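Here is the structure we will look at.
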Amino acid sequence: MSDDHYLSALRSRRPGAAPLALLAPLSGVTDLHMRRIARRLGASAVVSEMVAAAEFARGASEARLRAEGSGVDVHIVQLAGCQPEPMAEAARLAVGSGAQVVDINMGCPAKVVTGGASGSALMRDLDHASRLLEAVRGAVSVPVTLKMRLGWDHQSLNAADLARRAEGIGLDGLTVHGRTRQQFYKGQADWAAIRAVVEAVRLPVIANGDVGDLAQAQACLAASGAAGVMIGRAAVGRPWRVGAVAAGLRGEAPRGLTRAERGSVAVEHYDGLIALYGVAMGVRHARKHLAAYAEAGGGLDAADRTRLLTTTDPSTARALLRAAFGAPARAIPEAA
């Protein structure tokens, strides 16, 4: 895979190009170090945590950390907001800080986001959504993409309509999660429903929702006709999964990691969070990842898992992470 493969896919769908596998933006999860690791291990591209545009434009430290992309290529910053001016300013600031792609969030279903008329709430007013897209497109010269859902609910499945508007405004790519906002993450993602978006535009469309391994990726692509898949929750604690799927979609064997190497990845991620946020805040940010790595490794008993999640001592956490990927009680397949 060439380093520019994702950007090339945005600019034109090359005939015969292998489908992509991207790491999805997950708020509070896809921090800088998780993205660095997933990209290094073969993900086609990785996307930042959702960044609140107004906070970023005001210079809030948390927003700046979420948008950080040092050492990540291609650096994609996802912005969320409900007003054109802050979205445009945040896009300019992101690009000024090194972002190579700006992604616009119109898919987040969380009440704290939709209650402020951001995220998937924007799919209830496509005229206003279009004004946001126009503001961001006019503010920057780098590629601009859009992530959305099928619609607000099953009575308003308007993703294809929004996609056509985005294409007309000059956006470069789309990602569609195969659920409505009202479904949140319940039920099964409807990959076949994404096909309506694929057929409505000439832009590359990435399919998202319930993809966690190569077989699911292939089934999703067959149902949707998309140019690639986006993997989110299945990569937590297993950042190597995205690269394994990307390799499989190219017809290649995934890069094998020994259990010890996986343990080293977990420690690298933990140490990165401590360096990024400091010990006190880094320990808190790390807990969701520690739980997922403990599950992925399978080498800790209940007492040690509790110790891993509650310790405030980095050296103890590192030792327990390595132990989690020690001698397994059972073999773990490559896709795990």
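Convex hull of alpha carbon positions in the range 71-158: directionally averaged projected area 5.8 nm². Here the dipole of the chain is about 380 debye; that uses its Cα centre as origin and unit charges on the Cβ of Lys and Arg (positive) and Asp and Glu (negative). In the Gaussian network model of the chain, springs joining C-alpha atoms below 10 Å, which of 268, 68, 49 carries the largest mean-square fluctuation? Fluctuation is largest for 268. Using a Gaussian network model of the chain in which every pair of alpha carbons under 10 angstrom is joined by a spring, one finds that among 52, 80, 110 the greatest mean-square fluctuation is at 110. Note on residue 312: accessible area approximately 100 square angstrom, rounded to 10, probe 1.4 Å, nucleic acids and ligands left out. Pairs of Cα atoms in the range 115-220 fall into 5 Å distance bins, from 0 up to the last occupied one, in shares of 2, 13, 23, 24, 19, 11, 5, 1 percent. Taking the centroid of alpha carbons for each part, the range 70-113 and the range 120-197 are 15 Å apart.
Given a 1.4 angstrom probe, what's the average accessible area per residue across the range 132-216, in square angstrom?
Each residue of the range 132-216 exposes 39 Å² on average to a 1.4 Å probe.
Between 35, 241, 165, the residue with the greatest mean-square fluctuation in the GNM of the chain (Cα pairs under 10 Å linked by springs) is 165.
In the chain the Cα-Cα distances spread across 20 Å bins starting at 0 as 33, 58, 9 percent of all pairs.
Each of 159, 230, 72 was scored by the projection of its Cα onto the charge dipole of the chain, and the greatest displacement toward the positive side belongs to 230; charges sit on the C-beta of Lys, Arg, Asp and Glu. Taking 19 Å as the straight-line reach from the Cα of residue 186, the lysines in range (excluding those fewer than 8 positions away in the same chain) are 111, 147. If you sort 220, 108 by accessible surface, 1.4 Å probe, largest first, the order is 108, 220.
With Cα atoms as the point set, the radius of gyration and Dmax of the range 178-274 evaluate to 15.6, 46 Å.
The values are calculated or read from the model by the stated rules, or taken from the named source; none is laboratory data. Since the structure is predicted, the reported quantities are computational estimates derived from the model, not experimental observations. Here the Cβ is made from the backbone with ideal geometry for all residues, glycine too, and neighbour counts use every protein chain on show. Remember, those area values only see protein heavy atoms, side chains included, never the ligands or the DNA or RNA. Shrake-Rupley method; radii C 1.70, N 1.55, O 1.52, S 1.80 Å.
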